[in-house]
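Taking it in order: structure first as C-alpha cells, then the write-up.
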Amino acid sequence: MKTKFSGILALLLVLVVQLSFAQQKTITGTVNDDSGLPLPGANVIIKGSNTGTQTDFDGNYSISAATGQTLMFSYVGFDTQEIAVGASSSINVNMAAGNSLQEVVIIGNVNSTKEKSSSATFTLSAETIEARPNASFVQTLSGQVPGLNISTASGQPGANSTVRIRGVSSINGDTEPLFIIDGAPVDQDNFRSLNPNEIASVSVLKDAGATAIYGNRGANGVIIIKTKSGKFNSKLKMTYTGTVNVASLQSNDYNLMDSQELLTLEKERNSGLGATLTDEEIAGYDTFDWADYFFDPAITTSHTLNVSNGGDNIASFLSLGFHDQEGLLKQSSLKRFNIRANVNGNSENDKFSYKLNLSTNFSRSDEPNSIGSGAINRNYVLGAYQSVPYLSDADYTNGEALLSPLSFVNTPLFLIDRLNTYTRYEEELKMIGSLQGSYKLTDNLTASAILSSDYQDQNLVRAEGPTSFNALLFAESGNDTPGFQQQQYTRQFAFNQLTSLVWNKEFDKQSLNVGLYSEYFKAHFYTYGFFNEGLNASTFFPGDGSAFVDDNADNDFFVDPVNANIAESGLFSYFTRVDYDYDTKYGVTGTFRRDASSRFAESNKWGNFYSIAARWNISNEAFMENSIFDVLKLRASYGTAGNQDVTGGGLFGGLNLTQSLFATTGGYQGANSLQLSQIPNTDLKWETVTSTNVGIDFELANRRVRGSLDGYQKVTTDLFLNQPISSINATTVLNVNGGEMQNTGVDLALAYDFIRSTNEGGFNATVNFVGNYNKNEIIEFGSGEEEIIGTGRVGGKIFEYFDYRYAGVNPENGNQQFLDVDGNITEDPNPDTDRVWLDQSIIPDFEGSAGLNFDYNGFFLSTQFNYTIGVDRYDFEQASFQDIDNLGQFRLSRDLFDSWTPENTGAEFPSLDATNLQFSGTRYLTNADFVRLRFAQFGYNLPSKYLQGTSLSALRMYLNGENLVTFSDWRGFDVEAQSNTSRLYPTARTFAFGIEIEF
Amino acid sequence: MKKLKYIAVFALASIGFTSCNDAIEITQVGILNSDAAFQTVADLELGLLGAYNDFDHTMQIQFNSVFTDEISVGADSGGQGTSDGTTAFVLNAGSAYPSALWQNYNSALNSVNRVIAGSEGVEIAAGEQGQFDNILGQAYALRAFAHFELLSYLSTDYTDDSALATILLDFVPGTDQQLPRNTNGEIYASITGDLALANSLLSNQSDAVFASRDFVKALRARMAAYRQDYPTANTLASELLGAYGLANQTQYTDMYLDTDNTEIIFKLSRTIGDSYDGQGSTGSAFAGGWAGANYAFVNSTINGSPYFEMGRAVFNKLNPADVRYSVNVEPSSLIDPNYQTSANPLATDILVIGKYPGKNGQNLMNDLKIFKSSEMLLIAAEARASMNDLGGAAALIDQLRDARFGSDQTAPSFATVQEALGAVMDERRKEFLFEGHRYKDLKRLGARAGRGIDRDPIDCNALNACDLPLSSNLFTVPIPIVELDANDNIQQNPGY
C-alpha cells in the first residue's frame, strides 16, 4: 500500500528537481529494508564529503551528486551500502540486515524479522557491549535491558554475576537464565574467559513465546549471544581495538577515626594500645590508610584484533584477543587469551549451508579466597577496612614474629604475611564450539542440525607457604615443615544436539511454518585433587611438588587427603512449533514440547509444556496509513516452561535426590565406614513457570520515538523448596515440590531522538529510559505453612526480612530500644518471639537506567544512569565500626562520638556502656536504593574524509568511565552488591581510554 | 551425490530422535542404594563405625561452659559467646545449642537404628556370630546413651516419669512422620530395655573407646542418680569405682594427654584426619571440631589466641597443689592476684584453659571423656549423702581429694545432707570442669546442695550477666526452631 503512495511522491520530487543545473545531477530513489519495506530516516551521504540527506517517511531521497561519486546508504541495524553514481539518475537500494541485529529477533534456529515476532525479546547490539571495561560481558548488561537484573557482589576481575530476568521465579531451584552462545548452551556462571569484543549481539528472551524453544532450561528466560561473522563478498577487513583502564576503590561514608581519635578513645576506656600511652605519645602516631594498602589502583590493558572477509560462498571472521587485568585488591588479577574462528558458507545452489563457530580461551585468574569471611588472618578486605590506623606496613617483619604475642590488633600484619606467603590461582581452558548445518530437501522442507559443546578445564592451585604465619600458627607441635598445597583439576563437558525438520509454505498473503525438533543434552563432570600437608621451605614453589613432605611412622601430620568425582546429567526433549502469518498483519505461533531430565529418572521424568503467542501489526493496517506510527504492534503470549535444576547447583547439583543412598565416609577414629548420605524424595518433578505477557512495540514520528511496553505475570507452581522435616530423619529439610509463587510486573524501554539533524555531522541527541517494576508474592507453601523464616510468608515477597525492630536510643539511660511483637518499646527484646515480618527484602522493586546520547560531527557522548529502588541490606560493616567491643583491636567510626552520655541525651547512638548492646535487630538494616552514573563515554569518530588516502577506513577513540558517581543512603563501598555478607570485594570505579582502528 | 547428502542429513536428524535414553536414564557412579548397604557382618561393622562417628560431645562442653560459670571472656575475643548473648543467659528456640544437640543426637539415633534394622538382612558366616552380637550390643548401648543425653537436657524434671522427654526413636523413621515427645517413663523404659539387650550381647567387659559392659553399667549408674534412685546408683557406681579405682597425679595428668586410661570407662576417641579434626564452629555450640577450639583458636597456651578464659570464680576454688589445678590452668597463664583492682583485668589476668592441650601433636584435639571412675565415686557419694549416709559420702570425697592432691588430706565431715551434697557439687565442678556436666548438675543438684551459678563480679561485667536463678526455665533446653517448623505435634518446653 505504501509502495503505491510513494510512487506519487517520487513523481512530484522529480518535477521539482528538473530545475537544477545539469552538471551535478540529482539522484533520486527509494531505500527499502530486506523485506521490501521503505526505510524512513536512512542516511544517504556522498562518500568523502559532508553532503548528505535522509530518506523521508516513505523511504525516498533526493541528492545532488556528480557521476563517479559514491553514495553511502546507512541505517542502524543494516550493513552500509556503497553505490557509485553512473548514468542513471535513479538509485533504489535494498538494505541487508547487518551485524547488529536490533531488527532481527532470534528464536532458536528460527530467525524472524522483528515485525513477524510475537515475543518479548530485547536485543543489544555490539556497540553497547564493546568498549566497556568489564572482563565479563554480563556485568555490562546491567541496567540496559528492562527486567534484566544483574548483581555483582565481587570486584574480582571476571567475577560471576547473579542474573535474573523478571524477578526470582524459584526458591530453591535455579533462578538464572539459560545462556546460549552461537547455538551452544553454556555454563551460566562462568564468562571470565570470554572476550566481549567478539560479541555481535545479545538478545534477552523474556516471555513464554520467546523461550518455548528452550523449554527444558528456559524457565528463567534465555540470553542469546551471537558472535560476529564475516559477510559474503566482502573485502578483507581488519579491526583493532585496544583499551587501557585504571580502576580505583569506590568511596565509603563510614567516617572512620584517625589514629589520635582511636588511641584517645582506647585510653579513655582503658583498652588496647591507647591505654598504655600518654597524650604526647598518642599525638605522635600517623594514620595509616590500610584500604589504600590492600587496594591499589589497578591497570588493565586489552587488545583485540578482528579479521573478516568473504567470497561468493564462504565468509570468515577471525579474532585474537589478549586481556591483562589487575584487580583492585592485591593478589587478584585476570589474564586471558582468546582465539575465535567463525566460518560460514553455502553450496552453489544455496541448498546446503553451514556455519562453524569455534573459540578457544585460556585464562589465569589470581583469586584470593576467604573474602567476605570474618577470618582476620585470611580476609584481605577485612584488613583493609577494619585494621587500626596506628599500625603500618613497617610494623611487619615476618610470620614467626607475629606468633607471640598473638593479638587481634595485628590483623593487618597477619594479612601482609598472607600476601607474601599465600598463593591461589585458577587456570582455565574454555572451548565453545558449534556446528550448524541445514539442507533444503525440497523448496519447502529443510533439515537442520546444530551440534555444540562447552568444554571447561580448570586447575586450581592454592598454597600456604611453610614459613607463613598461618602455617606456623596451626602447625602441630613438633611439625617443622607445616604449610599446605592443594590442587584440584576439574573438567566439564556439555554436548548439545538440536535437530529439526521444518516445512515452510507461502500461499499468497499467508505463510505457514511447521517445525519438528528434538534436542539432546548431556553433561559430563570429572574432578580430582589432593591436599598436600607439609612443605619444605627450601624447595617450595606454588604449583610445584618438589617441597612435598611424605608421611612418616612417627606422626600423622603429613597424611594427604585425595579426592576424585565423576558425575553426569542429561536432558532430552522433542517439540513442535507452528508459525502462521497473514500479510505481516496477524501472526500466531504455538509450541508444544515434552521434556525429560535425568534428575527425575526414578520419579517423574517427563514434563509437558506449551506456549502460544499472537501478534497484530496494527501499523500495517490500511486505516493506519496516515497515522504518526511507523510501527505499532500488539503482542500477547501465554505458556509454560519447566525447571529441573532442583537445588540451583548448576549442571551437576542434586542429581540423585530421588534415591535413598549410603556412602563410604570417614567414620569413628577416621576408620572407613558406611553411612546414610541421602534421604529420597520419590515424588520429585519439574517445577513449572507459567507466564503471560502482553506487550506493545511502537515507533512513531519518523522513528524519533521508539519503545516497547510489556506487562507480565509469571506463576511458578510445584516450587522447589526445602520442606522442613523432623530431625529424626537425620536431616532437617527435604527437597520437595510445593507451593506457588508469582512475579507480576511491567517492562518499559523508551528512546526519543529529541534533536535529529538532517545533515551529515549534525547534532543529534537521544534520551533513553529502561525500567522494570516487579512484584513478587508467595501464594502458598506446599506443606500448608504460613511462613518459612528466611524464605518468606504467604502473601509476602520472597526473602522478606523477619526481625525485631530497632527503635532508637532511650534518652533516659542510653540503652538501645526495640519494639516487641506488639509494637511496645522494650530494652530487652526476645530475639525469637519479637520478630515481625518487615515487608522489606534484598530484591529490588524498581530498577533500570536512563541515559542521554549526543553526537556531533564525529564526536559522541553517552551516559547511563542506573537506578535500583526497594533494596534493603544489613550493613554489618557499619555494625562492626560502631561496636565498642572492637575497641583496642579494630578501627571504629566517629559515629561513636555521638553516643549517649548523661550530657548528650539526644544522641543518635546508644551509650558505649549500654547494657543491651548484644541486641541489634533491624538497627543495621539499611536502605540500599541508589542512582549511579554507571557509565559515561566521550569519543570521536574520525570522519572518513580525513582517512582518504590512508590505509585506514575508520578510526574511533574514546574515554569512558564506570561507577563514576553514586547517590545512596548506603554508607559502604559498593551499594550494588545484592548481598548481606559484609567485607566483600567491592566493584571498582574505572576510567578507560580506547581506540578502534579499521583497515 | 545428491541422494547421498539427502541421506546424510536425514541420518543426522534422526540421531536425536533415537538416542534419548542415554541422556535421561543416568545412574551416577559410586553410589550405594540403602537396600544394598548391609549385606555382611563386615558391612554392619562399617555401619557401626559410621554411627559412632555421629556422637560428638563438643557441643555439650561448649554449652555447659558458656551458659554456666566455667569461663570468662578472653583477651582474644572476637565477640564469641557475647555477641549472641549465650554468656548473658540468652537461650531460646533459635539458639545454637538446642539445635545442635537435637540434630546431632537424633541423627545419631537414626544411624544406630539403621544398623539395628540392617542387621536383620545380614548373612552371618560361620564364626561371625560373636562379632555380630558385639556390633548389635554396641548399637543398643549407643541408642540408650543418645536417648539419655537428649532427655537430660530436654526434660524438666528427671524424677518425674510423666514429664516430657524426647521422641522415642527406636525404629527407622519416615520423612512424613511428625511425632510428639514421649515421657521420661517411656524413654527410661526404652533405655533400660536397650541396656539389658546390650549387656547380653556385648563381648567386652571394658574398653576405653568402644561401648562395653562397663559402659552399660556406667550409664545405668548415671541414670539412677539423675532419677534419684540412689540405692541402685550407689551399688552400680561403687562396683565400677572398685573395678577402676582412681588415678594418681601422674596418671591423671596423662589422662588429659590421652595417654592414660586408668579412670576412663568410656571416651570418644579423636584422631588426626578424622571428621572432627579441625576448628569447628568457634564460639558456637555447634562446635564440632577439636574440643579445645571451644576456648581458643590456635592452641591451649597464652599465644594460642584464647577467646574464652577460665572463669575467675572457679579458678579461685582450685588449689595449686591439686592436680586439677595444673591440668586446667595452663602454665603460660598470667595470674594477677590483684585482678579485682586491676585497671584492665582483661590484659593483666589471663587464665588460659589447659584441659585440651592436644594429642598426637595436634593442638586442641583431645578425646572426649564421657564416663570416668571419678564420676562413679561422686555418684556414690551423692547417693550416700542423699540416703543420709553422711560418713560414707565424706569417706568417698576424702578418697578423691587424697588422690588429686597426691597426699593425705583432712577428711571432711558433714553435718547435714545439704552440706554433703554441697561438697559433692564442689568436687564435681572441679572434676568435670570443661567436660560438659555443670548445667545439668546445677539443674538437678543445685537446689539440694545450696549451690548456684557462681561468677566472679569482674567476669560478670565482661559476660554481660551474673546470675541465673536455679528456678529459671532456662535450665531446661527448648525444642529448637528447626523441629518446631517441621513437626506440628512436638511440644515446646515451658517458658519458651
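Going residue by residue through segment B:53-73, is there one that turns out to be touching a Phe, Trp or Tyr at 6+ places or on another chain (Cβ under 7 Å), farther than 27 Å from B:Glu431 by Cβ, modelled with pLDDT of 95 or more and assigned to a loop (DSSP other than H, G, I, E, B)? Yes: segment B:53-73 contains one or more residues that are touching a Phe, Trp or Tyr at 6+ places or on another chain (Cβ under 7 Å), farther than 27 Å from B:Glu431 by Cβ, modelled with pLDDT of 95 or more and assigned to a loop (DSSP other than H, G, I, E, B).
Each residue in segment B:112-164 was checked for being in a helix (DSSP H, G or I), among the polar types (S, T, N, Q) and closer than 22 Å to B:Gln491 by Cα, and 1 pass. Restricting A:Asn617, A:Asn626 to those that are free of Cβ contacts under 8 Å to residues at least 12 places away in the same chain and more than 29 Å from the chain's Cα centre (by Cα) reduces the list to A:Asn626. So is B:Asp76 touching a residue at least 12 places away in the same chain (Cβ under 8 Å) and within 11 Å of chain A (Cβ to nearest Cβ) or not? For B:Asp76, the condition - touching a residue at least 12 places away in the same chain (Cβ under 8 Å) and within 11 Å of chain A (Cβ to nearest Cβ) - is met. Does A:Ser968 qualify as being crowded, with 17+ Cβ neighbours inside 10 Å, in contact with a strand residue (DSSP E or B) (Cβ under 7 Å, 6 or more places away or on another chain) and free of Cβ contacts under 8 Å to residues at least 60 places away in the same chain? So A:Ser968 passes the test. Within segment A:650-678, being more than 8 Å from every other protein chain (Cβ to nearest Cβ) and free of Cβ contacts under 8 Å to residues at least 12 places away in the same chain holds for one residue alone: A:Gly653. If we scan segment B:107-118, do we find a residue that is facing chain A (nearest Cβ under 9 Å) and within 30 Å of A:Asp834 (Cβ to Cβ)? No, segment B:107-118 contains no residue that is facing chain A (nearest Cβ under 9 Å) and within 30 Å of A:Asp834 (Cβ to Cβ). Taking the criterion of being within 13 Å of chain A (Cβ to nearest Cβ), within 20 Å of A:Gln918 (Cβ to Cβ) and under 22 Å from the mean Cα position of the chain (by Cα), would at least one residue in segment B:481-492 satisfy it? Within segment B:481-492, one or more residues are within 13 Å of chain A (Cβ to nearest Cβ), within 20 Å of A:Gln918 (Cβ to Cβ) and under 22 Å from the mean Cα position of the chain (by Cα).
Residue under question is A:Lys351, and the condition is that it be open to solvent by 10 Å² or more (accessible area, probe 1.4 Å), modelled with pLDDT under 95 and over 29 Å from A:Tyr380 (Cβ atoms); does it hold? It is true that A:Lys351 is open to solvent by 10 Å² or more (accessible area, probe 1.4 Å), modelled with pLDDT under 95 and over 29 Å from A:Tyr380 (Cβ atoms).
Taking segment A:162-217 as the range and being in a helix (DSSP H, G or I) and touching a helix residue (DSSP H, G or I) at 6+ places or on another chain (Cβ under 7 Å) as the test, only A:Pro196 passes. Of the helices (runs of 4 or more DSSP H) entirely within segment B:308-371, those holding at least 1 residues that are closer than 19 Å to A:Leu406 by Cβ and either more than 13 Å from chain A (Cβ to nearest Cβ) or over 29 Å from the mean Cα position of the chain (by Cα) (or both) occupy B:345-348. Among the residues of segment A:485-506, those that are more than 14 Å from chain B (Cβ to nearest Cβ) and touching a Phe, Trp or Tyr at 6+ places or on another chain (Cβ under 8 Å) comprise A:Gln485, A:Gln486, A:Gln487, A:Gln488, A:Tyr489, A:Thr490, A:Arg491, A:Gln492. Where strands (runs of 3 or more DSSP E) fall entirely within segment A:916-996, those with at least 2 residues that are modelled with pLDDT of 90 or more and within 30 Å of A:Met238 (Cα to Cα) are at A:930-941, A:954-962. Is it true that A:Ser203 is open to solvent by less than 10 Å² (accessible area, probe 1.4 Å), hydroxyl-bearing (Ser, Thr, Tyr) and farther than 27 Å from A:Ile299 by Cα? Against the criterion (open to solvent by less than 10 Å² (accessible area, probe 1.4 Å), hydroxyl-bearing (Ser, Thr, Tyr) and farther than 27 Å from A:Ile299 by Cα), A:Ser203 qualifies.
The set of residues in segment A:714-731 that are at pLDDT 90 or above and either open to solvent by 30 Å² or more (accessible area, probe 1.4 Å) or at the interface with chain B (Cβ under 10 Å from one of its Cβ atoms) (or both) comprises A:Thr717, A:Asp718, A:Ile725, A:Ser726, A:Ser727, A:Ile728, A:Asn729, A:Ala730, A:Thr731. Figure legend. Inter-residue proximity from segment B:236-256: first residues under 20 Å from B:Gly358 (Cα atoms), second residues modelled with pLDDT of 95 or more and open to solvent by 40 Å² or more (accessible area, probe 1.4 Å), beta-carbon distance below 6 Å, spacing 6+ or different chains. Indicated pairs: B:Gln249/B:Gly406.
Here A:Ile778 clears all of (1) within 14 Å of chain B (Cβ to nearest Cβ); (2) open to solvent by less than 50 Å² (accessible area, probe 1.4 Å) except the condition numbered (1).
Restricting A:Gly374, A:Gly399 to residues that are in contact with a helix residue (DSSP H, G or I) (Cβ under 8 Å, 6 or more places away or on another chain) and open to solvent by 50 Å² or more (accessible area, probe 1.4 Å) narrows the list to A:Gly374. Please work out if A:Asp645 is part of a loop (DSSP other than H, G, I, E, B), open to solvent by less than 20 Å² (accessible area, probe 1.4 Å) and at negative phi. Considered against the rule, which asks whether it is part of a loop (DSSP other than H, G, I, E, B), open to solvent by less than 20 Å² (accessible area, probe 1.4 Å) and at negative phi, A:Asp645 comes out as yes. Assess whether A:Ser319 counts as being surrounded by 20 or more Cβ atoms within 10 Å (Cβ to Cβ), within 21 Å of A:Thr990 (Cβ to Cβ) and either of a type outside the set (A, V, I, L, M, F, W, C) or within 14 Å of chain B (Cβ to nearest Cβ) (or both). No: the conditions fail for A:Ser319. Of all residues in segment A:475-484, none satisfies the criterion of being open to solvent by 40 Å² or more (accessible area, probe 1.4 Å), more than 9 Å from chain B (Cβ to nearest Cβ) and in contact (Cβ under 8 Å) with a residue 60 or more places away in the chain.
Of the residues making up segment A:274-289, those that are touching a residue at least 60 places away in the same chain (Cβ under 8 Å) and either open to solvent by 60 Å² or more (accessible area, probe 1.4 Å) or outside any helix (DSSP H, G or I) (or both) number 5.
Scanning segment A:485-493 for any residue that is buried (at least 19 other Cβ atoms within 10 Å of the Cβ) and over 29 Å from the mean Cα position of the chain (by Cα) turns up at least one such residue. Scanning segment B:44-74 for residues that are among the aliphatic types (A, V, I, L, M) and farther than 14 Å from B:Leu368 by Cβ, which turns out most open to solvent (accessible area, probe 1.4 Å)? Looking at the filtered set, the residue picked out is B:Leu46.
Out of all the residues in segment A:532-550, is one or more modelled with pLDDT of 95 or more, within 30 Å of A:Thr664 (Cβ to Cβ) and of a type in the set (Ser, Thr, Tyr)? No, because not a single residue in segment A:532-550 is modelled with pLDDT of 95 or more, within 30 Å of A:Thr664 (Cβ to Cβ) and of a type in the set (Ser, Thr, Tyr). For beta carbons closer than 9 Å, sequence separation of 6+ or different chains, a first residue in segment A:880-892 that is under 13 Å from A:Ala914 (Cα atoms) and a second that is part of a loop (DSSP other than H, G, I, E, B) and of a type in the set (Val, Ile, Thr), the qualifying pairs are A:Asp885/B:Thr82. Only one of the numbered conditions (1) surrounded by fewer than 18 Cβ atoms within 10 Å (Cβ to Cβ); (2) closer than 17 Å to B:Val112 by Cα is violated by B:Ser162, and that is (2). Criterion applied to A:Gly155, A:Gly143 was being part of a loop (DSSP other than H, G, I, E, B) and in contact with a Lys or Arg (Cβ under 7 Å, 6 or more places away or on another chain), and the one residue passing it is A:Gly143.
The values are calculated or read from the model by the stated rules, or taken from the named source; none is laboratory data. Every value quoted in this text rests on a predicted model; they were computed, and no experiment measured them. When we count neighbours, we look across all protein chains shown, and the Cβ atoms used for this are built from the backbone with ideal geometry, even at glycine. All accessible areas refer to the heavy atoms of the entire protein, side chains included, with ligands and DNA or RNA removed. Shrake-Rupley method; radii C 1.70, N 1.55, O 1.52, S 1.80 Å.
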